[in-house]
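Comments concern the structure below.
The values are calculated or read from the model by the stated rules, or taken from the named source; none is laboratory data. The structure presented is a predicted model; accordingly, all values stated were derived computationally and were not measured. When we count neighbours, we look across all protein chains shown, and the Cβ atoms used for this are built from the backbone with ideal geometry, even at glycine.
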Amino acid sequence: MATTEEMDRMYRLQRFIYDASRKYYLLGRDRLLREMELKPGARVLEVGCGTARNLIVLARQRPDVVCYGLDASNEMLATAANKVRRRGLESRVLLRTCYAEELDHARTFGLEAPFDAAFFSYSLSMIPTWPQAIATALANLKPHATLYVVDFWDQGGWPRWFRALLKSWLDLFHVVHRPDLLDHLRELDAQGVGHLTLEPVAGRYAYLAKFRKRS
Ligand SMILES: C[S@@+](CC[C@H](N)C(=O)[O-])C[C@H]1O[C@@H](n2cnc3c(N)ncnc32)[C@H](O)[C@@H]1O
């Protein structure tokens, strides 16, 4: 598990330039938010929400939903809480320090029912215990709810030099490309746990996975 101490060390200063710098290479996030199928009143969770950039966009796009975010880093959440407060969204964007692997909708957020939707945006590539994080997110979703994931793919449509450059850059931030993660979701689909749809973003720079729980 990447610990709170490790994440705080990495983000202590980065959090001040995080949103401006990631805008250019965390592709597909807005598409994920646009394509989420949400009923009025839906409760939506982001696992590894960082600065709450996504939750704020979603809360503004969908005034009828309530957003929940958890993150391992207190530093990131301090920036997130500031941003949420400045935008007057405290009642609709609720944040908690928590490891993805330890989420429990009742204990972590005091909710009686599981979430209507959940997403990981460029966080699973930083979570060494990602199968557990996925299992925990699914366990905290209602039957037939969807888990969305946007993250780095294999950049199959890009030149080799670009792939090498991106990999060296991402190594600096403990980001790991996980080809086995999509195999894992395919396997869960084959086992009848849910239904997976997978779409490329920008020439397989990233993928957008939608996993609809069966029950
Ligand atoms: C690359 S950032 C992405 C932030 C945000 N989702 C976005 O799209 O801008 C990854 C986030 O995952 C968090 N994280 C890493 N490991 C985690 C874990 N085990 N549980 C919860 N959050 C974790 C980090 O602290 C960081 O804020």
Looking at region 158-178, which of its residues are in a loop (DSSP other than H, G, I, E, B) and loosely packed, with under 15 Cβ neighbours inside 10 Å?
-> P159, L172, F173, H174
Pairs under 7 Å by beta carbon, first residue over 16 Å from L147 (Cβ atoms) in region 39-54, partner of a type in the set (S, T, N, Q), six or more apart or different chains?
-> T51/T79
Subset of region 100-123 (residues that are within 10 Å of the ligand (Cβ to nearest atom), in contact with an Asp or Glu (Cβ under 9 Å, 6 or more places away or on another chain) and either assigned to a loop (DSSP other than H, G, I, E, B) or free of Cβ contacts under 8 Å to residues at least 24 places away in the same chain (or both)) = Y122, S123
Just give me the residues in region 78-99 being crowded, with 19+ Cβ neighbours inside 10 Å and either away from the ligand (no atom under 15 Å from the Cβ) or over 21 Å from V176 (Cβ atoms) (or both), in sequence order.
-> T79, A80, V84, R92, V93, L94, L95, C98
Spot the failing condition for A206; the list is (1) small (G, A, S); (2) touching a Gly at 6+ places or on another chain (Cβ under 6 Å); (3) without any contact (Cβ under 8 Å) to a residue 12 or more places away in the chain, and only one is missed.
-> (3)
Say whether the condition of being outside any loop (DSSP other than H, G, I, E, B) and modelled with pLDDT under 95 is met by at least one residue in region 149-157.
-> no
With respect to C67, is the statement that it is part of a loop (DSSP other than H, G, I, E, B) and closer than 22 Å to R15 by Cβ true?
-> no
If only one of G50, G41, G110 is under 17 Å from the mean Cα position of the chain (by Cα) and at positive phi, which one is it?
-> G50
Subset of region 1-59 [exposed (fewer than 13 other Cβ atoms within 10 Å of the Cβ), assigned to a loop (DSSP other than H, G, I, E, B) and not aromatic (F, W, Y)] | T3, I17, K23, E37, K39, P40, G41
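Matching residues to (1) touching a helix residue (DSSP H, G or I) at 6+ places or on another chain (Cβ under 7 Å); (2) modelled with pLDDT of 95 or more; (3) within 17 Å of A137 (Cα to Cα):
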| site | (1), (2), (3) |
| --- | --- |
| V176 | yes, no, no |
| L181 | yes, yes, yes |
| L185 | no, yes, yes |
| D189 | no, yes, yes |
| H195 | yes, yes, yes |
| E199 | no, yes, no |
| A202 | no, yes, no |
| K213 | yes, yes, yes |
